[in-house]
Amino acid sequence: MALDGAYLYGLKQEIAAAAVGSRVEKVHQPARDEIVLHLRGRSGARKLLISVRPDSPRVHFTSRAPENPDKPPMLCMLLRKYLTGAILSGVEQVGMDRVLILGFDATNEIGDPVRLSLYIEIMAKHSNAILVNGDGKVIDSVRRIDASKSSYRVILPGVDYVLPPQQDKLDLLQCDTDRILQHVRGFDTAMLSGALLKGVQGVSPVVCREVAHRACGEDVRVSELSDAGWSAVGEQLASLKSSILKGHFQPCIVLDDSGKPREFSFFPITQYGSAAQVKPYDTLSEVLDDFYYERDVVERTRRREHDLFRLLSTLCERAARKLNARRAELESCKDKEALRIRAELINANLYRLEKGSLFYELENYYDENRPLRIQADPALTPVQNAQKYYREYRKAFNAEKVLGGLIAESEQEVAYLDSVADELSRAQTRQEIDEIREELSRSGYLKRSSAKQRKTAALPPMEFVTSDGYQILVGRNNLQNDKLSLKTAAKRDLWFHTKEIPGSHVILRCGDSIPPERSILEAAQAAAFFSRASDSTRVEVDYTYVKELKKPVGAKPGKVIYHTNKTVLVDPKRPADPDSRTEAD
């Protein structure tokens with residue numbers, strides 16, 4: 001789903017109404033292609049997120065500003081130099097194109113007033129944010145573009161800023177409807193939605209499909225459209241234009257059957273009928289904040305900790321190979337008795353055997369004297385061949401005794417690394433990831449950095465509440481799981497964990513009471529939700545009293561054992577936050 005010019009037109013008005021006249025208090029750059037401006041004005045403080053990520057370029061107010069790195073990037077330092085203390089004086093848009101211009105009144109090093117402009121170009125993989133001075137010269141940008149990357153324009157410090165090339169489209173707000181319809185008719189072989197997309201500036205695919213749906217009931221080919229159909233298309237375009245000019249926006253998100261965001265728009269979407277749910281919002285910024293939040297969390301985590309994911313993948317593969325090798329070796333030890341029998345038979349028949357034979361044909365008195373052909377080394381004497389078989393037998397015998405413990409150790413290692421990979425996949429903040437890195441360091445899988453690390457307080461467990469008011473605590477990583485289950489929880493509290501599936505330890509605080517069945521099921525649903533089985537249905541969850549838990553000596557973090565438990569089948573479900581608790585039914 002792309003942010004179109006019409007949506008940006010509404011955002012321009014929204015930002016201008018709420019933030020023009022505000023002062024820039026702080027500038028942050030959480031990622032290479034994200035900038036957050038902290039603005040303070042008469043209406044209070046706001047955070048303006050500017051993202052030029054190829055898959056989600058946008059600009060809007062946010063209540064979920066991402067975490068910042070410990071050390072700000074160079075571009076962030078430059079933006080702070082120029083914009084800190086500047087006043088947002090205006091917000092402009094280039095026609096209905098996806099270019100927004102934030103104008104700032106600032107002062108230079110000697111206190112003289114200067115005019116600065118931040119051009120935000122929302123154009124998929126070509127998106128950019130460019131700071132330009134009053135003379136139209138580029139100060140710097142998120143993405144620098146030299147002549148080898150573009151023959152049309154160069155974006156480098158000191159060069160003249162040039163707007164992106166214009167497309168052969170008509171401005172929906174500047175052109176009359178008849179002219180737009182005449183232009184669209186020229187794409188006679190295309191479907192109506194495709195023709196609108198090619199001919200009209202400022203509208204996205206979902207808007208074009210919606211116009212076609214409202215006018216014709218379905219998307220039809222341009223050449224097949226009747227006069228009445230063209231009249232209906234004209235009415236829909238005129239209505240759309242009027243709503244945009246008057247600022248009558250009705251922002252919404254279209255949700256699919258599973259409740260996940262599918263599309264967003266500045267006016268109600270009806271084309272999906274009963275196959276989707278349309279969720280209305282109060283502001284255009286809230287729509288973008290909600291629509292992109294989940295995917296941004298995943299993307300930031302993936303990009304920030306790509307090396308950690310890669311390390312875990314390597315460790316998991318190595319541990320699995322070691323486990324398989326040990327199992328194969330144990331399997332080969334099952335034939336150890338055959339080695340002993342061969343050695344004994346050779347010793348029992350030394351008087352009739354000679355050096356130089358490739359094999360010995362002997363009667364096996366362990367198997368009713370049936371003939372047994374025994375391979376022999378012709379370079380060795382019969383005694384030496386017997387000793388060789390005895391050595392192989394003792395080696396297999398000793399290996400079998402040791403391999404049982406080594407295999408159990410390898411199985412625990414595989415399970416542990418699997419649990420770390422699971423908790424990393426669910427980490428949403430930099431501190432959660434740092435704690436997982438610390439866990440791997442303590443377990444010996446990762447070298448500690450020699451650089452001094454800023455000490456931060458450990459994150460507390462996640463807290464939720466059941467419908468009956470009982471507290472649920474959820475561990476974020478294996479170290480926290482151990483602390484939560486073995487130190488924080490009381491002996492009469494209930495402990496939950498998915499059966500044989502990596503996941504968080506979940507504690508249901510019981511106090512002196514016995515929790516009702518509903519609270520037990522909600523805690524089990526939470527255990528299933530915060531596990532690898534979160535996208536599954538009918539997940540088995542074990543639960544028992546905390547007093548039944550034991551930590552094996554030398555066990556990996558997060559590993560506990562229990563012998564008394566009950567198991568329930570539940571569908572994963574995130575529990576309610578403490579501040580959203582409602583009265584029980």
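The values are calculated or read from the model by the stated rules, or taken from the named source; none is laboratory data. Because the structure is a prediction, the values reported are computed rather than measured. Using ideal geometry, Cβ is built from the backbone for each residue, glycine included, and neighbour counts are taken over all protein chains shown. Just the protein is used for accessible areas: all its heavy atoms, side chains included, with ligands, DNA and RNA removed. Shrake-Rupley method; radii C 1.70, N 1.55, O 1.52, S 1.80 Å.
Below is a table of values for the structure above.
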{"item": "Charge dipole magnitude, Cβ of K and R +1, D and E -1 - region 1-98, Cα centre, debye nearest 20", "result": "400 debye"}
{"item": "Which of V287, A343, L308, positive extreme of dipole for the chain (C-beta unit charges)", "result": "A343"}
{"item": "Potential lengthening between A17 and R185 on full extension [0.36 nm per residue; Cα-Cα distance subtracted]", "result": "56.7 nm"}
{"item": "Around R40: net Lys/Arg minus Asp/Glu count, Cβ-Cβ under 10 Å", "result": "+3"}
{"item": "For region 163-287, accessible area per residue (1.4 Å probe, heavy atoms of protein chains only), Å²", "result": "50 Å²"}
{"item": "For region 68-121 and region 535-565, distance of Cα centres in Å", "result": "54 Å"}
{"item": "Computed magnitude of the charge dipole of region 179-221 (debye, nearest 20; Cβ of K, R +1, Cβ of D, E -1)", "result": "140 debye"}
{"item": "D55 paired with A379, simple spin-label distance in nm, labels 7 Å along Cα-to-beta-carbon", "result": "6.0 nm"}
{"item": "Options N398, H497, V560, ranked by Cα towards positive dipole end of the chain, top entry (Cβ charges)", "result": "N398"}
{"item": "Helix-only mean residue ellipticity at 222 nm for the chain, each DSSP H run of n ≥ 4 adding -39500 (n - 2.57), per residue, nearest 500", "result": "-12000 deg cm²/dmol"}
{"item": "Length added when fully stretched, A348-D282, from 0.36 nm per residue minus Cα-Cα", "result": "14.3 nm"}
{"item": "Positive-end residue, region 3-81 charge dipole about Cα centroid, Cβ charges, pick of C76, T62, L11", "result": "C76"}
{"item": "Additional length obtainable on full extension of the chain from D227 to K447, 0.36 nm per residue less Cα span", "result": "71.9 nm"}
{"item": "Amide H partners (placed H, <5 Å) of L170, local residues excluded", "result": "V200, Q201"}
{"item": "Accessible area of S43 in the full protein assembly, 1.4 Å probe (Å², nearest 10)", "result": "80 Å²"}
